[in-house]
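Every read-out reported here was derived from the displayed coordinates using simple, explicitly stated rules and does not represent laboratory data. Small disclaimer: the values here were computed from a predicted structure and weren't measured. Reconstructed Cβ throughout: ideal geometry from the backbone, glycine too, with neighbour counts over all protein chains shown.
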Amino acid sequence: MSLPEADWLALCRRSAHAARSAVAALTTTAARSVAHGRGEGGDTTLAVDKAAEDAVFAELSAFGVPLTAVSEERGELPLGGGSEVRVVVDPVDGSVNAKRGLPYACVSIAVASGPRMGDVEVGFVAELAPAHDWWAVRGEGAWLDGERLTPLEPGPMELLGLETARPSRVATAAQALAAVEARRLRALGSVAASMCQVAAGRLDAMLTLREVRSVDVAAAQLIVTEAGGAVALPGGDALDLDMRSRALAARDAEMLARLADAFA
């Protein structure tokens, strides 16, 4: 199915910017770190997550078009009666960065016409501070702060991004990391931000060292593919909170295959 006639990109932008402002109002690490129970995605909900999600849901509820929201904190909720349209939200991807005031924390919002990653029509990733907006609309390319991203081309793997990069996981993956022959590693602390860096050609590839959820990748995977890159989600592609998969992205299909083979 196609999306109902509406300005979905503007909805994503308003929602993400509202979340950015809500997070900015929490000015200390202590204020951002207050725990608010456990979210539907399984992680502890911090004050920074709750403030961002409340701001996003206020915009979604006021939009006036029936949809089903899928959010890391609140789970799956029908709004306006619900529909096949899914708005997949990670209020803050990179919560540890956000609570510490570090960069590479973002709001991730994807709009899909169905239940799979391939149904995502609009993806929007808003970095919190410094503020940057990444977005893509299916068939219309990928954009950063109003400038269309240059299409990606094949090249060497100079910089490889790692996410969910706990020391024990990096140690376990050391042999596979050596096999792909990346020249340097970078760990930014946000899956969505790392994928966007691939879309811009700043990272040549990225991968997660454990399985992640649909909310982490739904928006950014479209940004990568619309920039001409390649994405793999070998564990599944459902736009729900049960989906668990490693995520891999690269500037070209051959590089992606190298990563996939090394980490199979």
Förster radius 45 Å - calculated FRET efficiency between GLU181 and THR27, Cβ distance, rounded to 0.05: 0.55
Mean Cβ count within 10 Å, highest first, over the residues of peptides 206-214, 5-13, 74-82: 206-214, 5-13, 74-82
Options SER21, VAL111, PHE63, ranked by Cα towards positive dipole end of region 1-116, top entry (Cβ charges): SER21
Average Cα contact separation per residue, the chain, under 8 Å, 6 or more apart, as relative contact order %: 16 percent
Packing rank of 22-29, 109-116, where each peptide gets the mean count of other beta carbons within 10 Å, highest leading: 109-116, 22-29
Those residues of region 144-174 whose amide nitrogen sits under 20 Å from the label point placed on ASP261, 7 Å along Cα→Cβ: 154-161, 173-174
Alpha carbon Rg of region 67-175, scaled by the compact-globule rule 2.2 N^0.38 Å: 1.28
Cβ charges +1 (Lys, Arg) and -1 (Asp, Glu), total dipole of the chain, debye: 900 debye
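Run the dipole for region 130-190 about the Cα centre, Lys and Arg Cβ at +1, Asp and Glu Cβ at -1, nothing else charged, and hand back the magnitude in debye, nearest 20. Mind dumping the intermediate values first?
Working: 7 positive and 8 negative charges, 75 e Å.
Dipole size: approximately 360 debye.
Magnitude of the Cβ-charge dipole of region 25-150, K/R +1 and D/E -1, about the Cα centre, nearest 20 debye?
Dipole of region 25-150, to the nearest 20 debye: 280 debye.
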When region 1-107 is reduced to its Cα atoms, the Kirkwood hydrodynamic radius in Å: 14.1 Å
Cα centroid of region 164-216 to Cα centroid of region 55-93, whole Å: 28 Å
Estimated [θ] at 222 nm from DSSP helical runs (n ≥ 4, -39500 (n - 2.57)) normalised by residues in the chain, nearest 500: -10000 deg cm²/dmol
Estimated D of region 129-204 in µm² per second, where Rh is the Kirkwood radius over Cα pairs and Stokes-Einstein applies at 25 °C, 0.890 mPa s: 176 µm²/s
Matching label, semi-axes √(5λ) of the Cα gyration tensor in Å computed from the structure shown, candidates (1) 27, 21, 17; (2) 49, 21, 15; (3) 32, 20, 19: (1)
